[in-house]
């Protein structure tokens, strides 16, 4: 999707540049991925497609963003710390234009960006904060930032966490957004042909969002609600599911794909947008699923078409996607013994069968 202009317009990344680990392509991908928070994917994709080439170039070129920072007389955007804690960027509730209490009359590029991005009032901070993170690390680009982070750690898991920590310094880049981004550039099953991350435990990057939470609740997850605990639970489940029985080209154990199956299975909006999803063949397709899958399926009785909220409608307040105390449960599989895990495997096999 992130390499397809028909989905993302000028925000789409060139696949060759992505596979080569090009720093500019990685930064462009990061800004696009950061948009996918608290709104339906189809709505975010529509926002990205609505932005023209000049707007996309300004939002996704980290050197251009740094030049805008240098040219600004506002001292509240000169560092990551001041941007996060001192800049009070917001939107005027009446005009929907970007504004702030500190210097409301200043024509600031962050105010422009927050209007373009059509998200929360403070969302215009995202591109500039990411550029400042690269700058303050004395890195040439985002690829160099990750090289530095990985060089500072020993062990594949430690390197995965170091890359995540470097990325999460940016405004609104949570554990979830970091996992979305880092899995795309490191997981060989998610992005076939990707390389250069063999020294990192890419299985660490698991995306836990509201749809995944719905799936966990449906199967009786009783563990703690921290991001780390839910990630550990999914990793433990994945270890019991041999993905090669479904596709020989996949790695046997890939928690990110198992998590993606949970996400897609529970996402009625995304499934409705996929013309080849089994929901469009109901009721005949339902007869092919195990009863456990049918009982969980959120679209078994849903209408095939439903009016989605307009792109310009007010979003929900932002959720705290960051993990609290990163402590995994002592027994990640809290849903029961191996028999329950086998039932879950059948459910996940049905979900993985949904394109």
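Quick note: the coordinates plus some simple rules give every number you see, no bench work behind them. Values in this document were obtained by computation on a predicted structure and should not be read as measured data. Every residue, glycine as well, gets a Cβ built from its backbone with ideal geometry; the counts of neighbours run over all protein chains shown.
Values for this structure:
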| item | result |
| --- | --- |
| Separation in nanometres of the label points that stand 7 Å from Cα toward Cβ, at residue 210 and residue 85 | 3.1 |
| Square roots of 5 times each gyration tensor eigenvalue, C-alpha, the range 5-193, largest first, Å | 27, 20, 14 |
| Inter-site label distance for residue 294 and residue 75 at 7 Å from Cα along Cβ, in nm | 6.9 |
| Order by protection proxy (mean Cβ within 10 Å, highest first), peptides 92-104, 124-136 | 124-136, 92-104 |
| Distance in nm between pseudo-label sites at residue 38 and residue 280 (7 Å out along the Cβ direction from Cα) | 3.2 |
